[in-house]
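J.: Below you will find the structure I want to go over with you.
The values are calculated or read from the model by the stated rules, or taken from the named source; none is laboratory data. If you're wondering where the values come from, they're calculated on a predicted model, not measured in any experiment. For neighbour counting, all protein chains shown are included, and Cβ atoms are generated from backbone atoms with ideal geometry for every residue, glycine included. With ligands, DNA and RNA removed, areas are computed over all heavy atoms of the protein, side chains included. Shrake-Rupley method; radii C 1.70, N 1.55, O 1.52, S 1.80 Å.
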Amino acid sequence: MIQDTFGRVHDYLRISLTDVCNFRCFYCMPEEEYDFTPSSRLMQADEIRSLAGIFVDLGVKKIRLTGGEPLVRKDAGKIILSLSELPVLLTLTTNGTRLHHFVPVLQQAGIRSVNISLDTLNAKKFVDITRRDQFMEVMDNVDLLIRNNFHVKINVVVTRGLNELEIKDFVEWTRNVPVHIRFIEFMPFNGNRWSSDQVFTWQEILDLISQHYQFDRLDDELHATAKKYQIPGHQGTFAVISTMSAPFCGTCNRMRLTADGKMKNCLFSKNEMDLLTALRKGDDIVPLVRECVGRKEAALGGQLTPQYQKLQPDFIRNRSMITIGG
Ligand code: SAM
Ligand code: SF4
């Protein structure tokens with residue numbers, strides 16, 4: 001069991017397969033020119049399997065693959081299948097563009113639930129956000145996964161002045177389609193030019209939806225980051241991930257492994273533990289994992305506060321989201 005000094009048991013690992021992405025979402029990538037990590041410095045497929053196996057032996061029950069875009073990695077299928085041999089719930093967050101190549105692999109790996117990022121239902125705005133003209137590919141793949149009976153969650157980063165007026169359209173989508181929308185408050189990371197006035201909060205999201213619908217709060221899952229809701233009679237659900245206005249650190253069970261093999265005990269942690277170098281040297285990984293979790297702060301990596309309006313993003317020491325793995 002991996003436990004921190006606050007008694008929180010950590011049994012969920014998010015593994016970034018790569019910091020490469022075929023999109024350029026403004027909230028995720030640094031503005032300036034960005035050099036992707038050379039492949040020799042990334043965890044190789046067998047190294048990912050070894051490290052994941054160590055975490056599973058220590059009690060990890062769920063692994064999410066992320067990135068960058070995990071499905072641009074050439075050996076993504078091989079990695080997915082090798083991790084599926086572990087006794088864990090395996091899942092994936094993707095921008096959706098390459099899912100049509102992976103349906104049989106996901107099925108073979110027993111992956112039943114996939115998170116797809118999509119911040120707008122407007123093809124033109126999609127290009128503004130991602131800098132890529134691939135809206136239809138993503139929509140077609142959402143459809144493909146639903147037809148193949150996957151549980152599909154749609155991650156929507158809500159940014160004031162950009163897409164908050166589409167919240168109603170996303171919620172309306174849940175009427176006849178079993179999609180599960182997750183509105184995410186915009187978070188600060190290196191180079192993403194975050195400012196507090198761009199955060200459209202959980203409360204504002206609910207207020208806006210309540211102008212059009214009545215909805216019920218659903219029970220929270222253990223360790224849930226999302227507060228879930230459903231409109232009676234709708235096939236899908238919606239949820240809010242309120243990291244900025246109402247953080248949920250008290251029940252956190254998450255650890256992260258970046259694509260270059262550094263362990264982070266929190267999305268917002270300054271410090272990292274270099275597991276890949278240790279693995280390559282043949283060192284024992286277990287004490288390093290325990291030490292990293294032992295240093296976990298009570299909330300928000302010890303860097304952010306729930307009064308997000310007062311945050312000064314230039315003083316936060318972290319990576320860009322694309323290099324952490326969301
Ligand atoms: N490329 C994949 C994707 O887009 O789903 C996986 C990696 S992406 C970093 C993981 C998630 O992080 C996405 O849902 C994305 O919307 C979210 N994300 C990235 N930057 C964010 C930010 N600044 N605030 C909130 N969510 C963010
Ligand atoms: Fe790529 Fe996902 Fe980041 Fe967009 S959010 S740039 S798709 S990693």
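Listed here are the residues, each with its yes/no results for (1) without any contact (Cβ under 8 Å) to a residue 60 or more places away in the chain; (2) part of a loop (DSSP other than H, G, I, E, B); (3) in contact with a strand residue (DSSP E or B) (Cβ under 8 Å, 6 or more places away or on another chain).
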| residue | (1), (2), (3) |
| --- | --- |
| VAL20 | yes, yes, no |
| PHE26 | no, yes, no |
| MET29 | no, yes, no |
| PHE36 | yes, yes, no |
| SER40 | yes, no, no |
| GLU47 | no, no, no |
| SER50 | no, no, no |
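J.: Exactly one of these conditions fails for VAL138: (1) out of contact with any strand residue (DSSP E or B) (no Cβ under 6 Å at 6 or more places or on another chain); (2) closer than 21 Å to GLY326 by Cα; (3) outside any loop (DSSP other than H, G, I, E, B); (4) open to solvent by 10 Å² or more (accessible area, probe 1.4 Å). Give me its number.
T.: Only one criterion in (1) out of contact with any strand residue (DSSP E or B) (no Cβ under 6 Å at 6 or more places or on another chain); (2) closer than 21 Å to GLY326 by Cα; (3) outside any loop (DSSP other than H, G, I, E, B); (4) open to solvent by 10 Å² or more (accessible area, probe 1.4 Å) is unmet by VAL138, namely (4).
J.: Let me ask something else. Does VAL177 fit the bill of being in a helix (DSSP H, G or I) and either within 16 Å of ligand 2 (Cβ to nearest atom) or more than 15 Å from MET244 (Cβ to Cβ) (or both)?
T.: Working: in a helix (DSSP H, G or I): no; either within 16 Å of ligand 2 (Cβ to nearest atom) or more than 15 Å from MET244 (Cβ to Cβ) (or both): yes.
No; evaluated as a whole, the condition is false for this residue.
J.: Among the residues of the stretch 183-195, is there at least one that is free of Cβ contacts under 8 Å to residues at least 12 places away in the same chain and out of contact with any strand residue (DSSP E or B) (no Cβ under 6 Å at 6 or more places or on another chain)?
T.: Within the stretch 183-195, none of the residues are free of Cβ contacts under 8 Å to residues at least 12 places away in the same chain and out of contact with any strand residue (DSSP E or B) (no Cβ under 6 Å at 6 or more places or on another chain).
J.: I've got another one for you. I need the full set of residues from the stretch 1-60 which are open to solvent by less than 60 Å² (accessible area, probe 1.4 Å) and aromatic (Phe, Trp, Tyr), in order please.
T.: TYR12, PHE23, PHE26, TYR27, TYR34, PHE55
J.: Counting only residues that are basic (Lys, Arg) and part of a loop (DSSP other than H, G, I, E, B), which one in the stretch 64-76 is most open to solvent (accessible area, probe 1.4 Å)?
T.: LYS74
J.: Looking for something within 28 Å of GLY236 (Cα to Cα), open to solvent by 20 Å² or more (accessible area, probe 1.4 Å) and assigned to a helix (DSSP H, G or I) - is there at least one such residue anywhere in the stretch 89-102?
T.: Yes; the residues of the stretch 89-102 include at least one that is within 28 Å of GLY236 (Cα to Cα), open to solvent by 20 Å² or more (accessible area, probe 1.4 Å) and assigned to a helix (DSSP H, G or I).
J.: Tell me, which residue of the stretch 103-122 that is within 16 Å of ligand 2 (Cβ to nearest atom) and not in a loop (DSSP other than H, G, I, E, B) is farthest from GLY68 (Cα to Cα)? Lay out the reasoning, then the answer.
T.: At the first step, the residues of the stretch 103-122 found to be within 16 Å of ligand 2 (Cβ to nearest atom) are 114-120.
Okay, now just the ones that are also not in a loop (DSSP other than H, G, I, E, B), so 114-117.
Details: VAL114: 16, ASN115: 14, ILE116: 13, SER117: 12 Å.
Taking the candidates together, the pick is VAL114.
J.: Inspect all residues belonging to the stretch 151-168 and state whether any of them is buried (at least 16 other Cβ atoms within 10 Å of the Cβ), among the aliphatic types (A, V, I, L, M) and part of a helix (DSSP H, G or I).
T.: Yes: one or more hits.
J.: For the stretch 188-203, name all the residues that are part of a loop (DSSP other than H, G, I, E, B), surrounded by 22 or more Cβ atoms within 10 Å (Cβ to Cβ) and modelled with pLDDT of 90 or more.
T.: Of the residues in the stretch 188-203, the ones part of a loop (DSSP other than H, G, I, E, B) are 188-195, 200-201.
Okay, now just the ones that are also surrounded by 22 or more Cβ atoms within 10 Å (Cβ to Cβ), so 188-189, 200.
Within the stretch 188-203, PHE200 is the sole residue that qualifies.
J.: Got at least one residue in the stretch 7-17 being over 29 Å from MET187 (Cβ atoms), modelled with pLDDT under 95 and away from ligand 1 (no atom under 16 Å from the Cβ)?
T.: no
J.: Which condition number in (1) modelled with pLDDT of 95 or more; (2) in a helix (DSSP H, G or I); (3) more than 16 Å from ligand 1 (Cβ to nearest atom) is the one that ILE79 fails?
T.: Of (1) modelled with pLDDT of 95 or more; (2) in a helix (DSSP H, G or I); (3) more than 16 Å from ligand 1 (Cβ to nearest atom), only one is false for ILE79: (3).
J.: In the stretch 267-286, is there at least one residue being of a type in the set (A, V, I, L, M, F, W, C), open to solvent by less than 40 Å² (accessible area, probe 1.4 Å) and within 18 Å of the chain's Cα centre (by Cα)?
T.: Yes, there is a match, as at least one residue in the stretch 267-286 is of a type in the set (A, V, I, L, M, F, W, C), open to solvent by less than 40 Å² (accessible area, probe 1.4 Å) and within 18 Å of the chain's Cα centre (by Cα).
J.: Next question, about the same structure. Is the stretch 56-63 home to any residue that is on the phi < 0 side of the Ramachandran plot, basic (Lys, Arg) and in a strand (DSSP E or B)?
T.: Yes - at least one qualifying residue is present in the stretch 56-63.
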